[in-house]
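The values are calculated or read from the model by the stated rules, or taken from the named source; none is laboratory data. Just so it is clear, the structure is predicted and the values come from calculations on it, not from any experiment. Glycine also receives a Cβ, built like all others from the backbone with ideal geometry; neighbour counts cover every protein chain displayed. Protein only, heavy atoms only, side chains kept; ligands, DNA and RNA dropped before computing areas. Shrake-Rupley method; radii C 1.70, N 1.55, O 1.52, S 1.80 Å.
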Amino acid sequence: MNSQELVKVWDLPLRIFHWLLVAGFFIAYLTEDDLLTVHVWAGYLVTGLLVFRLVWGFIGNDYARFSNFLCSPAKSIAYIKDLLVLKTRRYIGHNPAGAAMIVLLLVSLLATVITGFAVYGADQAAGPLAAIGPANEKMWEEVHEFFANFTLMLVVVHVIGVAIESYIHRENLARAMVHGFKKK
């Protein structure tokens, strides 16, 4: 494929964000209580990346901007119905299902880090919520664990969706998130 048939979709900051988020989330998920310092620093990394993505959603390139891809839940559901019968319209940027997934992942990750800070504050009297106190530590742990597991489930669904889209449209979307280009 020559360069005239490709379009730059995912800019370098967004691609770095994406792969660091993957690494940060899985490091945090896999370390839990066993390596608390690593777990906490991975959580801080994820937090910083979320802040970056929220800002980049307003000032990034056209394909990164929320205004370019966010849509109604009805449009996302209609797209998913078409996806189930393998008859979806191709999008250069995020499709409506991808838009919904981005929102779900951002919200779930945000809930995960906020509740993680609450657990850290309650258990270790450390971090941005150090003043929270130990009174509700168990509740914060359960909510934190719920959102971490919910996020993992969303990641699995996201990867399956990427695989199905790659198959339907005959393009490697994961590779596009490495080099940044997609077919026109």
Once you've got the GNM for the chain with C-alpha springs shorter than 10 Å, pick whichever of N136, N68, N95 has the biggest mean-square fluctuation.
N136
For L50, what accessible area in Å² do you get when you roll a 1.4 Å probe over the heavy atoms of the protein chains, rounding to the nearest 10?
10 Å²
Between V159 and L84, how many nm apart are label points set 7 Å from Cα along the C-beta direction?
2.4 nm
Measuring from label point to label point, each 7 Å out along Cα→Cβ, what is the A125 to K184 span in nm?
6.4 nm
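Could I get the Rg over Rh figure for region 106-184? Both from C-alpha atoms, Rh via Kirkwood, rounded to two places.
Values: Rg = 18.3 Å, Rh = 14.7 Å.
A ratio of 1.25.
Under the Kirkwood approximation for Rh and a Cα-based Rg, what ratio Rg/Rh is obtained for the chain?
Details: Rg = 18.2 Å, Rh = 17.8 Å.
Here the Rg-to-Rh quotient is 1.03.
Using a 1.4 angstrom probe on the protein heavy atoms only, line up E137, E142 by accessible area, largest first. Could you put the intermediate results ahead of the total?
Working: E137 45, E142 115 Å².
Highest to lowest solvent-accessible surface, that is E142, E137.
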Determine the relative contact order of the chain: mean sequence separation of Cα pairs under 8 Å and six or more apart, normalised by residue count, in whole percent.
25 percent
Report R65's accessible area, 1.4 Å probe, all protein chains in place, as a number in Å² to the nearest 10.
80 Å²
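Diagonalise the Cα gyration tensor of region 14-102 and give the resulting equivalent ellipsoid semi-axes, square root of 5 times each eigenvalue, largest first, whole Å.
On the way: eigenvalues 185, 57, 19 Å².
Computed over region 14-102, the values are 30, 17, 10 Å.
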Taking r as the C-beta separation of K138 and V7 and R0 as 41 Å, the FRET efficiency to the nearest 0.05 is 0.20
So, in Å, what gap is there between the alpha-carbon centers of region 1-48 and region 65-102?
23 Å
